[in-house]
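Reading through the structure tokens given below for one structure.
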Amino acid sequence: MKSYTLRASQLVITLGLLFLISGCNPTVTRVETDSVTDLSGNWNDTDSRLVAQEMIQDVLSRSWLSKFNRDQGKAPTVIVGTVRNLSHEHINTRTFVADMERELINSGEVEFVASADDRKEVRSEVKEQDLHASEETRKAMGNEVGADFMLQGSINSIVDAVSGEQARFYQIDLTLIELGTNRKVWLGQKKIKKTVEKGGFRL
Amino acid sequence: MLNKPTSLIKKHWYNNQTLKIALIVCVGSLVQSCASYGSHATSMRGGLLAGHAEASLAIAEEKDKQQKEVISSLDKGMLRRITNDYSGSNQILEVAKHEIEALHGVSITENLASVTINETLRGYEGDPYEQLLLHAYMAMNYIQLGQIDGARVEMLQANVKMMEWGEEPEEDAFLRYLEGIIYESLGEFDSALISYRKAYIVYKEKGGNQYPPAPVALKKDLLRLLAWQGLQSEYKSYKKEFGMADYSPVKQNKDFGELVVILNNGLAPIRSETAIPIFSSEVQQNLRVAFPIYKYPKQNLFSPQVTVNQKQYSLETVEDVDALARYSLEQAMPGIMLRATARAVVKYNTQHTAQENSSIAGLLMTVTNLITERADTRSWTTLPQEIQLKRILLPVGEHQLQIKMLNVAGNVVDIMDEKVVIKSQQPSFVIKHWNAPVPKKIKIIADKQAANKN
């Protein structure tokens, strides 16, 4: 009986110390931005990057681009519409859309016009110029370039879960729609599947 | 020869003594951080009950600056909501979500602590109903921020959570109802129908115990969507089940939109600590154990009344948090008592051995055990007592809306005025929290001060 209780009180002290230790400083390690860091199994930068890569490769290699070039003799102008998040996570869709935009603009094959929100700010600036800027630097209203295509899309997810285990499936669909005719000229799709296991015990 | 045993005893006593002092210091600091939730909650709720939500928020924000405790984050989230800081509320509730996730799995140290020291050393991850309401309140925050897609995400996360809980998931009726409303506002009628159906099943199965009886509004919503989706046989069978033979669903009409009023009324019950002696057959002794109880019965709520376009509507209770909280404790009680008994035996034994070594050590151990024997009174006490709801079809355009709070005698104790813009075939939400009328005195003083300055 005695040895049992002594162990109990020692245990109490060990526990107490463990709790006290737990308030340590964080450690920081810098890693490459293209390294895979899966922490919680949630949507992360790696997923976003994979989607952007896949979509960019696909959109630049398809026939809509050469066809437009041939027919119109210029690079198509694209506007980014909304990419709706219909998944079970709060996902910032802007990161991979921005990645795509950058790659497409830099490729020189596609031009982009500012999206509805960005335009508002630019327009108010042009309006300001009308009043305050000198005549030779003043930009006139009504010279905006109308887009030929709009990029829209959605992220969907299916999650199957039992206690401590999850299978997550994400599907990202992007569509390029010709303005005026509403023709869909390109459909991009990327699927990502992960399994997440949570430990049954912790300290 | 004679000296030797005494010095041995002395040495032994000394060692034990340091051990005990170290123990008291360790445990004392631990107990302070956790066990004071009850008094903290009481002072925090005091602000709300006096109509000073900002005072409550200030008290809550002072606690747990490292944002490690789920319970503190939940309270902060609710109080930030009440004081109209919806994005701040979501930010801290997201922290709570992560901390709950981190508490997944059986903790070895915490379980040992709960049978040697007390229950408050177990990580608090919230009861299932609290975890689901966390998603419901985040969804309401997103709705009030105008981000309905964000609200949809919260509903899906709640779904994953329920899925993880197993075969017979702990469904929450209000969460399902809210989910239906969110789907419906996004035009996803098929999903909305499923949610309404699930909500109704929970009300039907558990109504009268943890849940209020199925709201008439939900029955109408379910019938309406069944009719819209053309599921005639199910429509007829539910109509029969509800005894609503006269009901005919409204047609989809571009000139109308919906007003959804959600009122978070009152405050959830608060747990108190009590102690009883229980007889342990193992040590043949009466041992003192502490455990949580709900000391006070359910409070009487003020009843809300919505006036819009000269018409008056009363709200229906869609979630009875009071009942959920009491039921949850009832369910947890056998486990709590089992651990309490085990703990009492361990504590008795430590006292007993300490006493054998020296009377001071024994006394110290007794005091330590008495101090550390605390009940776990943690629960999300800034939740409302009830959630009440009303959906009203209104013509498109701006409307003045008044929510009156009536006491038992039918006298108006408070009036809230709201302006709401109804959009075609879209719901507009008015979500309110009410505990007490905001004292007018303060306003008069503030006005006077402003006048003096001028």
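The values are calculated or read from the model by the stated rules, or taken from the named source; none is laboratory data. Here the structure is a predicted model, which means the values were calculated and not measured. Virtual Cβ from ideal backbone geometry, glycine too; neighbours counted across all protein chains shown.
Here are the numbers:
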| item | result |
| --- | --- |
| Hey, B:Glu179 on the phi < 0 side of the Ramachandran plot and either modelled with pLDDT of 95 or more or among the aromatic types (Phe, Trp, Tyr) (or both) or not | yes |
| Checking B:Ala436 against (1) modelled with pLDDT under 95; (2) of a type in the set (A, V, I, L, M, F, W, C); (3) assigned to a strand (DSSP E or B), the condition it does not meet | (3) |
| Residue within the stretch B:169-183 that is out of contact with any strand residue (DSSP E or B) (no Cβ under 8 Å at 6 or more places or on another chain), surrounded by fewer than 22 Cβ atoms within 10 Å (Cβ to Cβ) and in contact (Cβ under 8 Å) with a residue 40 or more places away in the chain present | yes |
| Hey, B:Gly123 surrounded by fewer than 20 Cβ atoms within 10 Å (Cβ to Cβ), away from every other protein chain (no Cβ under 12 Å) and outside any helix (DSSP H, G or I) or not | no |
| Hey, B:Gly28 within 12 Å of chain A (Cβ to nearest Cβ), under 21 Å from B:Pro128 (Cβ atoms), at pLDDT below 90 and surrounded by fewer than 15 Cβ atoms within 10 Å (Cβ to Cβ) or not | no |
| Filtered residue count, the stretch B:99-145, keeping only those that are in contact (Cβ under 8 Å) with a residue 40 or more places away in the chain, closer than 29 Å to B:Glu386 by Cα and of a type in the set (A, V, I, L, M, F, W, C) | 9 |
| Candidates B:Glu154, B:Glu170 - the one that is facing another protein chain (nearest Cβ under 10 Å), closer than 25 Å to B:Tyr203 by Cα and either under 19 Å from the mean Cα position of the chain (by Cα) or among the hydroxyl-bearing types (Ser, Thr, Tyr) (or both) | B:Glu154 |
| Residue match in the stretch B:99-107 (condition: modelled with pLDDT of 90 or more and at negative phi) | yes |
| Output for the stretch A:162-203, where each listed residue is in contact with a Lys or Arg (Cβ under 6 Å, 6 or more places away or on another chain), within 30 Å of B:Ile108 (Cα to Cα) and either away from every other protein chain (no Cβ under 12 Å) or in contact (Cβ under 8 Å) with a residue 60 or more places away in the chain (or both) | A:Arg168, A:Lys194 |
| Extreme residue, farthest from the other protein chains (Cβ to nearest Cβ), among residues of the stretch A:94-123 that are among the β-branched types (Val, Ile, Thr) and surrounded by 19 or more Cβ atoms within 10 Å (Cβ to Cβ) | A:Val110 |
| Single condition A:Leu86 does not satisfy, out of (1) among the aliphatic types (A, V, I, L, M); (2) within 14 Å of chain B (Cβ to nearest Cβ); (3) more than 18 Å from the chain's Cα centre (by Cα) | (3) |
| Selection status of B:Leu329, more than 30 Å from B:Val250 (Cα to Cα) and within 29 Å of the chain's Cα centre (by Cα) | yes |
| B:Leu389 vs. criteria modelled with pLDDT of 95 or more and part of a loop (DSSP other than H, G, I, E, B) | no |
| For A:Ser134: the one exception among (1) among the hydroxyl-bearing types (Ser, Thr, Tyr); (2) loosely packed, with under 12 Cβ neighbours inside 10 Å; (3) within 21 Å of the chain's Cα centre (by Cα) | (3) |
| Residues within the stretch B:189-237 that are exposed (fewer than 14 other Cβ atoms within 10 Å of the Cβ), in contact (Cβ under 8 Å) with a residue 24 or more places away in the chain and part of a helix (DSSP H, G or I), tallied | 2 |
| So B:Val115, is it of a type in the set (Val, Ile, Thr), buried (at least 17 other Cβ atoms within 10 Å of the Cβ) and either at pLDDT 95 or above or under 26 Å from A:Ala167 (Cβ atoms) (or both) | no |
| Tally of residues being in contact (Cβ under 8 Å) with a residue 60 or more places away in the chain and in a loop (DSSP other than H, G, I, E, B) across the stretch B:250-266 | 6 |
| Members of the stretch B:343-361 found to be part of a helix (DSSP H, G or I), surrounded by fewer than 19 Cβ atoms within 10 Å (Cβ to Cβ) and of a type in the set (Gly, Ala, Ser), listed by number | B:Ser359 |
| Test: residue in the stretch B:32-40 that is at pLDDT 55 or above, farther than 30 Å from B:Asn84 by Cβ, within 11 Å of chain A (Cβ to nearest Cβ) and in a helix (DSSP H, G or I) | no |
| Which listed residue is surrounded by fewer than 17 Cβ atoms within 10 Å (Cβ to Cβ) and away from every other protein chain (no Cβ under 14 Å), from B:Ala332, B:Ala323, B:Ala340, B:Ala375 | B:Ala332 |
| Which numbered condition B:Ile431 misses (of (1) more than 22 Å from B:Tyr142 (Cα to Cα); (2) outside any loop (DSSP other than H, G, I, E, B)) | (1) |
| So A:Leu50, is it without any contact (Cβ under 8 Å) to a residue 60 or more places away in the chain, away from chain B (no Cβ under 14 Å) and among the aliphatic types (A, V, I, L, M) | no |
| Within the stretch B:310-338, tally of residues that are assigned to a helix (DSSP H, G or I) and not basic (Lys, Arg) | 17 |
| Residues within the stretch B:238-249 that are buried (at least 18 other Cβ atoms within 10 Å of the Cβ) and either in a strand (DSSP E or B) or of a type in the set (Asp, Glu) (or both), tallied | 0 |
| Single residue of the stretch A:137-161 satisfying the filter (within 14 Å of another protein chain (Cβ to nearest Cβ) and of a type in the set (A, V, I, L, M, F, W, C)) that is surrounded by the fewest Cβ atoms within 10 Å (Cβ to Cβ) | A:Ile158 |
| Odd one out for B:Glu154, checked against (1) crowded, with 24+ Cβ neighbours inside 10 Å; (2) outside any helix (DSSP H, G or I) | (2) |
| Verdict on A:Arg49 being over 30 Å from B:Tyr183 (Cβ atoms), of a type outside the set (A, V, I, L, M, F, W, C), assigned to a loop (DSSP other than H, G, I, E, B) and at pLDDT 80 or above | no |
